[in-house]
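Comments concern the structure below.
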Amino acid sequence: MKNQALQKMGNEQAELLTEIGAYLRQVRQLQELSLETVTSITKIPVRTLQAIEDGNLAQLPEPVYIQGFIRRYADAIGTDGAELANAFPTGAIIRPVKPTWKSAFKAQLRPLHLYILYMLLVVGAVIGLSYTLNRSASQASRYAYLTKPVSPGQYVAPGSNEFYGPSAPTQIGKTAAKKIAPTTSCKPVRVGLTLTAQSWLRITVDGKTEFEGVLPEGTQRTWEANKQVIVRAGDAGAVLVSHNEERPQLMGKPGVVEEKQFDASSHASGQSLVSPTTTAQNAVL
């Protein structure tokens, strides 16, 4: 009985079943449904559903049962089961197939929201790239400005873009003094340091080494003593020193190792603020 029905259906019916089965598979996969899930809804065995998707007539019963399986399968995955079932003939005469279900599937594969999402992603990528490029250009410009060369004898105060040197000692003195000036002082000797560049330092307070090491650019430190503070700098031109709240001055020339001592007997005006004890130029620490 089964073989006779298959012979009557012919090649055209087999091709049509293959087309319908491929459509059902694509709709099912689009919804991320497994054959086992469809089986639990339709009560159609998995092997029968697989045969329908593959267009395998040899594994299916008579055409009238195939038509019923198609209807139940299509209804379970949300498509028009009656339309698909009617597209599959049960007799030898092949009836024309309505193309409506094909058009519906194409619409499902290319919804409008996918195009909108794609455009949003493109716009977001362009905005992100533009922001990154502008930020990089701004940082490069800022770096070039901060690292531009200065004239001999001039220095840049930490945290500022203003240049200072012998021609403007008062301004840099006031700026540095504001940063290191104490509110109160309990000891007669007070020495404040501000680094305009990285330098090695050794600080001796009342005969005891309080600090020895490298301090980075922009560092501000203060030491107090009862009798004496000795400052030894690996790069005297990178160290601004203030004694007892007076105007800061550079310890010496750039690249020169300089050692100076500060005590309570130093005067605030009329002479140098510092009393150098030793000076070693271009020494290796």
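The values are calculated or read from the model by the stated rules, or taken from the named source; none is laboratory data. These numbers were taken from a predicted model, which means no experiment stands behind them. Reconstructed Cβ throughout: ideal geometry from the backbone, glycine too, with neighbour counts over all protein chains shown.
So, in region 66-83, of the ones that are out of contact with any Ser or Thr (no Cβ under 9 Å at 6 or more places or on another chain) and part of a helix (DSSP H, G or I), which residue ends up modelled with the lowest pLDDT? Checked region 66-83; the qualifying residue modelled with the lowest pLDDT is 81. For beta carbons closer than 9 Å, sequence separation of 6+ or different chains, a first residue in region 71-86 that is farther than 12 Å from residue 38 by Cβ and in contact (Cβ under 8 Å) with a residue 60 or more places away in the chain and a second that is among the aromatic types (Phe, Trp, Tyr) and crowded, with 16+ Cβ neighbours inside 10 Å, the qualifying pairs are 84/23; 84/73; 84/101. Cβ separations smaller than 9 Å between residues 6+ apart or across chains give no pair from region 186-199 residues that are outside the structural domain of residue 246 (by TED's automatic domain parsing) and surrounded by fewer than 22 Cβ atoms within 10 Å (Cβ to Cβ) to residues that are in a strand (DSSP E or B) and polar (S, T, N, Q). The residues listed here are 114, 49; of these, the one that is more than 18 Å from residue 11 (Cβ to Cβ), assigned to a helix (DSSP H, G or I) and modelled with pLDDT under 85 is 114. For region 15-54, a residue qualifies if it is in contact with a Gly (Cβ under 7 Å, 6 or more places away or on another chain) and closer than 12 Å to residue 88 by Cα, and the qualifying residues are 17, 18, 21, 52.
With respect to residue 61, determine if the residue is in contact with a Lys or Arg (Cβ under 9 Å, 6 or more places away or on another chain), in a loop (DSSP other than H, G, I, E, B) and modelled with pLDDT of 85 or more. Criteria met by residue 61.
Picking from residues in region 242-257 that are out of contact with any Lys or Arg (no Cβ under 8 Å at 6 or more places or on another chain) and of a type outside the set (A, V, I, L, M, F, W, C), the one that is farthest from residue 199 (Cα to Cα) is 246. The residues in region 8-40 that are under 42 Å from the mean Cα position of the chain (by Cα) and surrounded by 15 or more Cβ atoms within 10 Å (Cβ to Cβ) can be counted, and the count is 4.
Which of the residues that make up region 208-265 are charged (D, E, K, R), surrounded by fewer than 18 Cβ atoms within 10 Å (Cβ to Cβ) and within 40 Å of the chain's Cα centre (by Cα)? Those that are charged (D, E, K, R), surrounded by fewer than 18 Cβ atoms within 10 Å (Cβ to Cβ) and within 40 Å of the chain's Cα centre (by Cα): 212, 217, 221.
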